[in-house]
1. Name the most mobile residue of 183, 159, 222, meaning the one with the largest mean-square fluctuation, in a Gaussian network model of the chain with Cα contacts below 10 Å.
2. Using Cα springs under 10 Å in a Gaussian network model of the chain, which residue among 144, 70, 152 shows the largest mean-square fluctuation?
3. To one decimal place, what orientation-averaged projected area in nm² is obtained for the convex hull of the Cα set of the chain?
4. Please find, in a Gaussian network model of the chain (springs between Cα atoms separated by less than 10 Å), the residue of 199, 239, 91 whose mean-square fluctuation is greatest.
5. Under a straight-distance cross-link criterion of Cα-Cα below 23 Å, which lysines are reachable from residue 35, leaving out those fewer than 8 residues away in the same chain?
6. If you put +1 on each Lys and Arg Cβ and -1 on each Asp and Glu Cβ, how big is the dipole of region 26-97 around its Cα centre, in Debye rounded to 20?
7. Taking residue 217 as the anchor, which lysines have their alpha carbon closer than 26 Å to its alpha carbon, excluding any fewer than eight residues away along the same chain?
8. Go ahead and estimate [θ] at 222 nm for the chain from helices alone: -39,500 (n - 2.57) per DSSP H run with n ≥ 4, summed, over the residue count, rounded to 500.
Amino acid sequence: MSWIKGEDFEFNSFLFTERFRIRQIFSRTDVEYLKNMGIALNHNPVVKWYFARKCPEYAEVIEKVAADHAEKVSAEEARKAEIFIIESCCDSITYANPEYMAATNGWWVMREADKAHLLKIADFKDKIVLDVGAGTGRLAFAVAEKAAWVYASEPVDMLREFMRDRSERESIKNIRVVDGIVLNLPYPDNTFDIVMSGDVVGDDYDSEIAELTRVCKSGGWLLDSPSSSASSDKDDENDDLTERGWEAVGYDKHRKQIFK
């Protein structure tokens, strides 16, 4: 399932892909996906070159995918393959196009009702806050008006630059944008009063929550605020979180107070 129209994007958008995303892109094994990827790579040798050099541990995999599907195809067939891959990797494409994310009314937009609920479930006033996997800053900018400092941790360079540009444009002085990924946050233990994330935790719950907990102060809060909450006021529960002691607090959000 894709939330973008592939024909709206160039395959060269992949030239902004981060190394960790390339590993994910080439970890897939389904036949249709690999066929279309091979065709698209052969039609876009610069992208193939970039992938292999940006992520050398997958260079042999990338070369094999291209070699296995080296048959000649028409320009129309190549474009169809490109669109298939763009839509299959829609998250990577949107990460490379934060302006598109900001200009469209997609799942990544912070609605006023969602912002108001977020500000109610924890006391952000004068707190030191970490936003993990901050993306375009949906959560970070929402709480910056209350918090003392907000650190927006984001592994995608294009998104980091987007947040920095917005901070400068809007003269927001209390947001610091940094490189970091959920399983390896670049902070000492017990640094933050509130550690929040949205659409980040879920690939490896225990390891991810352990890292969020590590950087959270005793007495502080972990918050999970997925973007799907923007269109829901139900008290939907994530069983994987509630089974680990998190409290469902409406709008799909969950929280847990940390004591050490």
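We did not get these values from a lab; they are worked out from the coordinates using the rules stated. If you're wondering where the values come from, they're calculated on a predicted model, not measured in any experiment. With ideal geometry, Cβ positions are generated from the backbone for all residues, glycine too; neighbour counts draw on all protein chains shown.
1. Per the Cα network of the chain with a 10 Å cutoff, 183 tops the list.
2. Highest fluctuation among the options: 70.
3. Values: hull surface 57.6 nm².
Taking a quarter of the hull surface, the average projection is 14.4 nm².
4. Most flexible of the set in this elastic network: 239.
5. 5, 48, 54, 64, 72, 80
6. Working: 9 positive and 12 negative charges, 44 e Å.
Dipole size: approximately 220 debye.
7. 115, 120, 125, 127, 146, 173, 253, 256, 260
8. Working: 12 runs with 110 residues, N = 260.
Value at 222 nm, helices only, nearest 500: -12000 deg cm²/dmol.
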